[in-house]
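What follows is a short report on a single structure.
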């Protein structure tokens, strides 16, 4: 595809040779002739001198560059759309499976389950009784859906994903491999003899529309009531959402985030990798928590927090800077104390 055509499809302005042929998309350090790249992070700016890319996507206000350029209001989003034009993942099965049925011969689907139109159930899946799944669902191999689950249209579950009993899932939800929706929460009551008694986890998980739950993530069901993922939430690999928790709309939980039970996270929140949140905390709308932060208390809306216990990001940066200087400051303090002690001793004489 010529750069001029690509700019039209992506609704971008371009500068330079619009007849350049683009055959694919690649990172700035690996792109070669015929490939489109992008620049959004300033730390990669130095790579501009070395890149062999045929063209590049940058922000509209970016300086003039020697290579052909697509200028976009949102370069990273434009890059994602460009990638869709050149990379086509293996298509999901459409229509009947190879044996002429919508359900693979090795799958087990209860006669009391209901599948929507153009559904496809792959090898070794299990769909229990009283399950309802909407139109155009795609269940890859070894997917399990427990009794009484309700799932909307355009549902995709990759191998070994599980939806537990009575959970509710909206439209256009994607479960990556081994994602589990509705597993038991970590609830135990200590008995008089010191042993622990398992508390039944009676409440379902509610997953709203356009949610993606990535590989190995676990969304616990509620002890009572419900656990909920809001519309458009994105749950990264190996995330743990504890029982009776809620996650707001368009919120990102990045890799290895852990929410203890009854945690409530607002809308448009970003918890970066390995952030941990204690139970019964309220995280306000628009909060940002940097990687490996530990949050033991409520966080008001709009704050950016860091560290453990998590504090306002600027305070944490200053504190981290002081921490590195502590040995020197301690030596200086000790020297001052010695001087003061010597002066006091001299006065006493």
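The values are calculated or read from the model by the stated rules, or taken from the named source; none is laboratory data. Computed from a predicted model, the values in this text were never measured in an experiment. Note that each Cβ is placed from the backbone with ideal geometry, even for glycine, and that neighbours are counted across all protein chains shown.
Only residues that are under 20 Å from residue 80 (Cβ atoms) and either exposed (fewer than 15 other Cβ atoms within 10 Å of the Cβ) or touching a helix residue (DSSP H, G or I) at 6+ places or on another chain (Cβ under 7 Å) (or both) were counted across the range 44-61, and they come to 5.
Screening the range 120-137 for residues that are under 27 Å from the mean Cα position of the chain (by Cα) and assigned to a loop (DSSP other than H, G, I, E, B) and picking the one that is nearest to residue 163 (Cα to Cα) gives 125. Among the residues examined, residue 170 qualifies as crowded, with 20+ Cβ neighbours inside 10 Å, within 22 Å of residue 231 (Cβ to Cβ), in contact with a strand residue (DSSP E or B) (Cβ under 8 Å, 6 or more places away or on another chain) and touching a residue at least 60 places away in the same chain (Cβ under 8 Å). Filter the range 33-43 for residues that are in contact (Cβ under 8 Å) with a residue 24 or more places away in the chain and either loosely packed, with under 10 Cβ neighbours inside 10 Å or touching a strand residue (DSSP E or B) at 6+ places or on another chain (Cβ under 6 Å) (or both); which is farthest from residue 63 (Cα to Cα)? The qualifying residue farthest from residue 63 (Cα to Cα) is 36.
Anything in the range 111-153 that is at positive phi and either touching a strand residue (DSSP E or B) at 6+ places or on another chain (Cβ under 8 Å) or at pLDDT below 95 (or both)? List them, or say none. Hits for the range 111-153 are 118, 136.
Would you confirm whether any residue within the range 316-326 is touching a helix residue (DSSP H, G or I) at 6+ places or on another chain (Cβ under 9 Å), without any contact (Cβ under 8 Å) to a residue 24 or more places away in the chain and closer than 24 Å to residue 280 by Cβ?
Looking through the range 316-326, none of the residues is touching a helix residue (DSSP H, G or I) at 6+ places or on another chain (Cβ under 9 Å), without any contact (Cβ under 8 Å) to a residue 24 or more places away in the chain and closer than 24 Å to residue 280 by Cβ.
Looking at the range 32-72 only, could you name the residues that are part of a loop (DSSP other than H, G, I, E, B) and closer than 19 Å to residue 4 by Cβ?
As a first pass, look at the range 32-72 and keep what is part of a loop (DSSP other than H, G, I, E, B): 32-34, 39-41, 50-54, 60-68.
Answer for the range 32-72, where residues must be part of a loop (DSSP other than H, G, I, E, B) and closer than 19 Å to residue 4 by Cβ: 33, 34, 53, 54, 60, 64, 65, 66, 67, 68.
Suppose the filter is under 30 Å from residue 139 (Cβ atoms) and crowded, with 16+ Cβ neighbours inside 10 Å; does residue 116 pass it? It is true that residue 116 is under 30 Å from residue 139 (Cβ atoms) and crowded, with 16+ Cβ neighbours inside 10 Å.
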